[in-house]
Amino acid sequence: MQIEINAVPALNDNYIWVIHTAAHDHCVVIDPGEAAPIIRWLEQHHKRPAAILLTHHHYDHVNGVEALNNQFNPKIWGPVDERMPEDTQPLSEGDHVDIPELELNFEVLEVPAHTRSHIAFFGHQMLFCGDTLFSAGCGRLFEGTPAQMLAALDKLGALPGDTRVYCGHEYSQSNCEFALQVEPENSALQTRAEQVKKLREHDRVTLPTTIAEERRYNPFMRTRETDVIAAAKSIEPEIESAPEAVLGAIRRWKDAH
Ligand code: ZN
Ligand code: FE
């Protein structure tokens with residue numbers, strides 16, 4: 001069975017991911033932050049969602065749920081959090097989401113940091129990670145600590161290198177620009193930054209990347225590298241060399257960017 005993944009652009013820079021196949025009328029929708037573009041896509045492709053997977057409660061990931069629910073009544077899965085949309089079936093670490101309509105199964109990974117209940121979905125060599133891991137970046141720490149983001153990125157970084165990474169936003173270009181300030185000598189990053197620049201000139205999607213690629217050029221996954229530690233200390237000289245301290249410093253640097 002050939003699985004296809006589509007990025008449906010929504011709001012300013014969100015992607016609503018859709019998993020579908022030629023053989024099935026059903027599809028899976030991840031993080032529908034806006035109703036109109038995903039409903040248009042479903043109508044054009046004659047698909048109906050069997051399930052909606054939600055990574056976290058932020059409006060730009062859930063705002064389309066109510067309209068999809070009214071029209072298609074899919075199963076809705078997401079983290080344990082009272083701020084999730086009505087009818088969300090709660091998931092915890094190690095749970096499996098089974099989608100028999102498409103013969104798909106995803107493992108749930110808890111990755112609190114961007115929000116305290118953020119989860120990611122892993123299966124079929126794919127990772128849907130919402131606002132935790134971006135290409136060459138990571139989510140803002142709204143409800144978590146640098147140590148929690150370090151643990152989350154270590155957990156995602158331990159997945160097989162060929163895992164394809166589907167992030168919640170098209171942030172690759174600004175992330176690469178910042179990452180080059182942290183690691184100007186990183187040749188994998190230089191190559192990626194060029195690739196992203198060309199893709200964005202043609203308004204193309206820069207995702208998915210892979211876990212192996214992110215390990216090579218994502219500064220937030222490289223907080224144990226000498227160059228990244230040195231860059232963090234050039235901004236905040238008083239920090240320790242521990243990876244959570246380095247992650248905290250480069251996250252604050254990026255926030256002020
Ligand atoms: Zn978010
Ligand atoms: Fe978001």
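The values are calculated or read from the model by the stated rules, or taken from the named source; none is laboratory data. Please read these numbers as outputs of a predicted model, since none were measured by experiment. Virtual Cβ from ideal backbone geometry, glycine too; neighbours counted across all protein chains shown. Side chains are part of the model used for accessible areas, which takes the heavy atoms of the whole protein and leaves out ligands, DNA and RNA. Shrake-Rupley method; radii C 1.70, N 1.55, O 1.52, S 1.80 Å.
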Checked region 125-138 for anything open to solvent by less than 20 Å² (accessible area, probe 1.4 Å) and either at positive phi or in a helix (DSSP H, G or I) (or both); matches are Gly130, Ala136
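Yes/no matrix, rows are residues, columns are (1) more than 16 Å from ligand 2 (Cβ to nearest atom); (2) of a type outside the set (Asp, Glu):
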position	(1), (2)
Leu153	yes, yes
Tyr166	no, yes
Ser172	no, yes
Ala188	yes, yes
Ala212	yes, yes
Arg222	yes, yes
Ala230	yes, yes
Glu244	yes, no
Lys254	no, yes
Taking the stated definitions as given, is Glu183 farther than 27 Å from Ile3 by Cβ, touching a Phe, Trp or Tyr at 6+ places or on another chain (Cβ under 8 Å) and at pLDDT 95 or above? yes
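Every residue, every condition in (1) in contact (Cβ under 8 Å) with a residue 24 or more places away in the chain; (2) of a type outside the set (Asp, Glu), yes or no:
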{"site": "Ala22", "(1), (2)": "no, yes"}
{"site": "Asp25", "(1), (2)": "no, no"}
{"site": "Asp31", "(1), (2)": "yes, no"}
{"site": "Ala35", "(1), (2)": "yes, yes"}
{"site": "Arg40", "(1), (2)": "no, yes"}
{"site": "Glu43", "(1), (2)": "no, no"}
{"site": "Ile52", "(1), (2)": "yes, yes"}
{"site": "His58", "(1), (2)": "yes, yes"}
{"site": "His61", "(1), (2)": "yes, yes"}
The condition of being without any contact (Cβ under 8 Å) to a residue 24 or more places away in the chain, in contact with a helix residue (DSSP H, G or I) (Cβ under 9 Å, 6 or more places away or on another chain) and within 25 Å of Val18 (Cβ to Cβ) holds, among Arg224, Arg204, only for Arg204
Residue count for region 139-170, restricted to those that are open to solvent by less than 70 Å² (accessible area, probe 1.4 Å), part of a loop (DSSP other than H, G, I, E, B) and within 16 Å of ligand 1 (Cβ to nearest atom): 7
Look at Asp25 and say whether it is over 24 Å from Arg200 (Cβ atoms) and either among the hydroxyl-bearing types (Ser, Thr, Tyr) or surrounded by fewer than 16 Cβ atoms within 10 Å (Cβ to Cβ) (or both). yes
Are any residues in region 65-104 open to solvent by 60 Å² or more (accessible area, probe 1.4 Å) and either hydrophobic (A, V, I, L, M, F, W, C) or within 18 Å of the chain's Cα centre (by Cα) (or both), and if so, which ones? Val80, Glu93
Is there a residue being over 24 Å from Leu109 (Cβ atoms) and surrounded by 19 or more Cβ atoms within 10 Å (Cβ to Cβ) anywhere in region 50-57? no
